[in-house]
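One structure is given here, and the rest of the page talks about it.
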Amino acid sequence: MRIYLSEDYKAMSRRAANIISAQVITKPDSVLGLATGGTPVGAYQQLVEWYKKGDLSFAEIKTVNLDEYLGLSPHHEQSYRYFMQVNLFDHIDIKPENTHVLNGLAKDPQAECAAYNQLIRDLGGIDLQLLGMGHNGHIAFNEPGDDFGLETHVVTLTDRTIDANTRFFESRDEVPRHALSMGIKNIMQARRILIVVSGEEKAETVCKAFAGPVTKDVPASVLQLHPDVTLVGDRAALSKLVEAGVPVCG
Ligand code: GLP
C-alpha cells in the first residue's frame with residue numbers, strides 16, 4: 001500500500017485527481033469505480049478543471065458507482081445519481097450511457113443488485129476504484145460486521161451512518177434507511193484502489209483501518225489485503241497513522 005500525505009484538503013484532492021487522470025490518460029477506455037460523499041468532491045472539481053483546459057477526455061471512459069439510496073429517484077437532490085451528475089458527469093465529455101449508478105427505485109432490489117454484478121463483469125471489471133470512508137470505517141455502504149464475501153446487495157444503514165448523512169437532508173427522518181451497495185468482494189476485485197480521507201474526525205478510524213488488524217469491525221481494513229491500494233489523505237486524517245509510526249510519502 002502507498003500512503004500519500006497532503007497538507008490540506010485541496011492538496012489531497014489534487015493528488016487524488018492526478019492519480020485518476022493518470023489512469024484516464026494511460027487507458028482512455030478505463031472502467032472507473034466512483035464514490036460519493038463529501039471527500040471526493042474536490043478531486044472531481046479538479047478533474048473538471050483539467051477537462052475544461054483540454055488536458056483530459058472522458059469520451060471513452062465508463063463508470064460504475066459504488067452505491068445508491070433505496071427509495072430515492074435519480075432526480076432527488078440527495079440521490080447519488082444526482083450527486084454524480086452535478087459534481088462530475090454534467091461537466092465533462094463522458095457519454096451518459098457509459099455512466100452507471102444503481103437504480104434506487106428498482107422494483108426488485110435483489111434483481112437490480114444481481115444485474116449490477118453482471119454489468120461489472122460485462123465491462124471487464126473495474127480498473128480503478130475510488131473510495132471514501134465513513135467515520136465507522138465503512139466503504140461504500142459496507143457497514144461494520146458485514147461479510148467480506150458479499151457482492152452488490154441491499155444494506156440496512158447503521159444509526160451512525162444515518163446520523164452522519166443527516167447533514168445532507170432536511171431532517172434525520174428523511175434519510176433513507178436502506179441502500180444498494182457494491183460489496184467488499186466487488187471492491188476487492190478492482191485492479192487498483194484509491195481511497196481518499198480528510199479531517200481529524202477520521203484519524204482514529206484511519207489508524208485502525210490501515211495500522212490495525214484486518215477485521216469486519218472496520219470494513220476499510222480489508223484493503224490491507226489488496227495488492228494495489230493508494231491511500232491519499234490530508235495531514236489531519238493521517239495524524240494518528242503517522243503517530244503510530246506508519247511510513248508515509250510526502
Ligand atoms: C457515504 C457513502 C460512502 C462514503 C461515506 C463517507 O456513506 N456511501 O461511499 O465514503 O459516505 O462520506 P464523506 O466523504 O462525506 O465523509
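Determine, yes or no, whether Q78 is part of a helix (DSSP H, G or I) and open to solvent by 30 Å² or more (accessible area, probe 1.4 Å). No: the conditions fail for Q78.
Just one of the numbered conditions (1) part of a loop (DSSP other than H, G, I, E, B); (2) surrounded by fewer than 17 Cβ atoms within 10 Å (Cβ to Cβ); (3) charged (D, E, K, R) is not true of D146: (2).
One line per residue, one yes/no per condition, for (1) within 16 Å of the ligand (Cβ to nearest atom); (2) closer than 22 Å to M188 by Cα:
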position: E97; (1), (2): no, no
position: G104; (1), (2): yes, no
position: K107; (1), (2): no, no
position: C113; (1), (2): yes, yes
position: N117; (1), (2): no, yes
position: I120; (1), (2): no, yes
position: I126; (1), (2): yes, yes
position: L130; (1), (2): yes, yes
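Here the stretch 179-203 is the region considered, the condition is being more than 10 Å from the ligand (Cβ to nearest atom), in contact (Cβ under 8 Å) with a residue 60 or more places away in the chain and not in a loop (DSSP other than H, G, I, E, B), and the residue that is surrounded by the fewest Cβ atoms within 10 Å (Cβ to Cβ) is R192. Within the stretch 31-49, does at least one residue satisfy the condition of being buried (at least 17 other Cβ atoms within 10 Å of the Cβ), more than 14 Å from the ligand (Cβ to nearest atom) and over 20 Å from G132 (Cα atoms)? Looking through the stretch 31-49, none of the residues is buried (at least 17 other Cβ atoms within 10 Å of the Cβ), more than 14 Å from the ligand (Cβ to nearest atom) and over 20 Å from G132 (Cα atoms). Of the candidates G104, G134, the single residue that is within 12 Å of D67 (Cα to Cα), open to solvent by less than 40 Å² (accessible area, probe 1.4 Å) and part of a loop (DSSP other than H, G, I, E, B) is G104. For residues in the stretch 161-171 being in a helix (DSSP H, G or I) and more than 10 Å from the ligand (Cβ to nearest atom), which is most open to solvent (accessible area, probe 1.4 Å)? Filtering the stretch 161-171 for residues that are in a helix (DSSP H, G or I) and more than 10 Å from the ligand (Cβ to nearest atom), the one most open to solvent (accessible area, probe 1.4 Å) comes out as D163.
The values are calculated or read from the model by the stated rules, or taken from the named source; none is laboratory data. No experiment lies behind these values; they were computed from the predicted model shown. Cβ: placed from backbone, ideal geometry, glycine included. Neighbour counts: every protein chain shown. Surface accessibility is based on the protein's heavy atoms, side chains included, excluding ligands, DNA and RNA. Shrake-Rupley method; radii C 1.70, N 1.55, O 1.52, S 1.80 Å.
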